[in-house]
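Remarks on the structure that follows.
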Amino acid sequence: MLDLLIWLVSWVSAVVCSFCCGSGTASFLCGNELRRCRATEDSQVILRDVEEGVEANEEKLPTADEPHLEDTMGGEEKIARAKGRELVRRYSISLWKRIAVRALFYFLLSYILAAIIVALVVLVAYTPFPSVGSSDCKPSCASNDAYCCTYLTPDVPKQDVYITMDDGTSVHGWWIPSYNESNTTLLYNHGSGGNIASNYRLQRYRFLRNLGLNLFVYDYPGYGKSSGASSEASVMKAGEAALDWVLRSKGRMPSELFCLGRSMGSAVAVDLAAKMARAQTPFRGLILESAFTSYKDAASINLPVLGWIVHLVWAPNMNSLSLISRTRSCLFEYHSKVDEWVPYAQGEKLFSTSDSPASCKEWVSDDKARHDDPMPQAEQKAMREWISKTRLQ
């Protein structure tokens, strides 16, 4: 919608500016041409023809008894008349050429100004990491308030974990044990909004825990109770620190691990999966929800005409497309066809590019759920069956 508005304003500005300058252009053009006329020996005849309306004379048709107007003219007058016609024709063509060039110029000028405005908005007014701190959370949340966050979750047993990264940043997370003391663990990398205590994420934790999975969920720097500030580098390093904690502190083997990434977290999950595969220790399974090919691609979807400016000024890249073919993990991917933030086609492209074995590679979609809607029943059913099957491989 914003892109269409920019396009419309650019064209309206171009048309208005070009026609506002039209009269001045015409005066300038005609003035030059008339001065050229006066410099010729036939200038008086040409000017008389133009001023008296050559076009009107041309439209006058002779009757059967009347000779044609040009038949009554002498040779010099015919030449002068022809020059007058040519002069009028040149006035018309040159004037519209000038107006067309001006319209194009003002359109390009409007487009460039719109691009500058969009760039400033992207740089100043919009953050790629809209974190929610712990101070923004409440003692309790209504079940239908998806974006409310609370750390009081009596129905989700958890242990607070604090991981100190190399730069001193503290990453806060929850260890949520499975209901049946399973060794199979899932590392949960959440999206760009909210924090680990957001209400709509608690529903997912309950579902995954009931599948017999231990969960480790954590917040990126600047989110929730984690210190520091978010950037592409700090988010990726937090993911590495979380994975290292699960492997070392809980003694889990990579073959016992599932790695889930949702939205922005999908880039973290794909990056971790590629690194584990490079170390010859791939995950048991990789789960992607609403995944993008790159953060820049996802950020520019609402500006198809000005999307290039987003690619120039947008800081995070998080290019999953370049890594998905090097994960060597079983893959489960879900994407809604009506996702308003990440295009369905980007998820499809990731899935088709991945190198996951065909025997444990599954794609699930629907055409109802929006980006932040509760977990659809179709996804729950398919994921339950896929995890059960993948555990046995």
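The values are calculated or read from the model by the stated rules, or taken from the named source; none is laboratory data. Keep in mind it's a predicted model, so treat the numbers as computed, not measured. With ideal geometry, Cβ positions are generated from the backbone for all residues, glycine too; neighbour counts draw on all protein chains shown.
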Only unsatisfied item for Ser192, checking (1) in contact with a Ser or Thr (Cβ under 9 Å, 6 or more places away or on another chain); (2) at pLDDT 95 or above, is (2)
Among all residue pairs at least 6 apart or on different chains, which show Cβ distances below 6 Å where the first residue, located in the range 337-363, is under 14 Å from Ser263 (Cα atoms) and the second is of a type in the set (Phe, Trp, Tyr) and at pLDDT 95 or above? Val342/Phe292; Gln346/Phe292
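Table: residues versus (1) within 22 Å of Asp372 (Cβ to Cβ); (2) in the same structural domain as Phe332 (by TED's automatic domain parsing); (3) touching a residue at least 60 places away in the same chain (Cβ under 8 Å).
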| position | (1), (2), (3) |
| --- | --- |
| Ser143 | yes, yes, no |
| Ala146 | yes, yes, yes |
| Asn180 | no, yes, no |
| Arg204 | yes, yes, yes |
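Just checking, does the range 209-228 include any residue being part of a helix (DSSP H, G or I), in contact (Cβ under 8 Å) with a residue 12 or more places away in the chain and under 23 Å from the mean Cα position of the chain (by Cα)?
In the first step, residues of the range 209-228 are kept if they are part of a helix (DSSP H, G or I); the result is 209.
Okay, now just the ones that are also in contact (Cβ under 8 Å) with a residue 12 or more places away in the chain, so 209.
Going one step further and asking which of them are under 23 Å from the mean Cα position of the chain (by Cα), we end up with none.
No.
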Quick check on Leu186: is it under 30 Å from Ser388 (Cβ atoms), out of contact with any Asp or Glu (no Cβ under 7 Å at 6 or more places or on another chain), at pLDDT 95 or above and not in a loop (DSSP other than H, G, I, E, B)? yes
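Looking for whichever is surrounded by fewer than 16 Cβ atoms within 10 Å (Cβ to Cβ) and assigned to a loop (DSSP other than H, G, I, E, B) here; the options are Tyr179, Tyr162. Which one fits?
Numbers: Tyr162 fails: assigned to a loop (DSSP other than H, G, I, E, B).
Within the list Tyr179, Tyr162, the selection yields Tyr179.
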Assess whether Cys137 counts as being more than 22 Å from Ala229 (Cβ to Cβ) and at pLDDT 85 or above. no
Counting only residues that are in contact with a Lys or Arg (Cβ under 8 Å, 6 or more places away or on another chain) and either of a type in the set (Ser, Thr, Tyr) or outside the structural domain of Asp271 (by TED's automatic domain parsing) (or both), how many does the range 342-390 have? 5
All positions within the range 332-381 that are of a type in the set (Ser, Thr, Tyr) and either surrounded by fewer than 18 Cβ atoms within 10 Å (Cβ to Cβ) or in a loop (DSSP other than H, G, I, E, B) (or both): Tyr344, Ser352, Thr353, Ser354, Ser356, Ser359
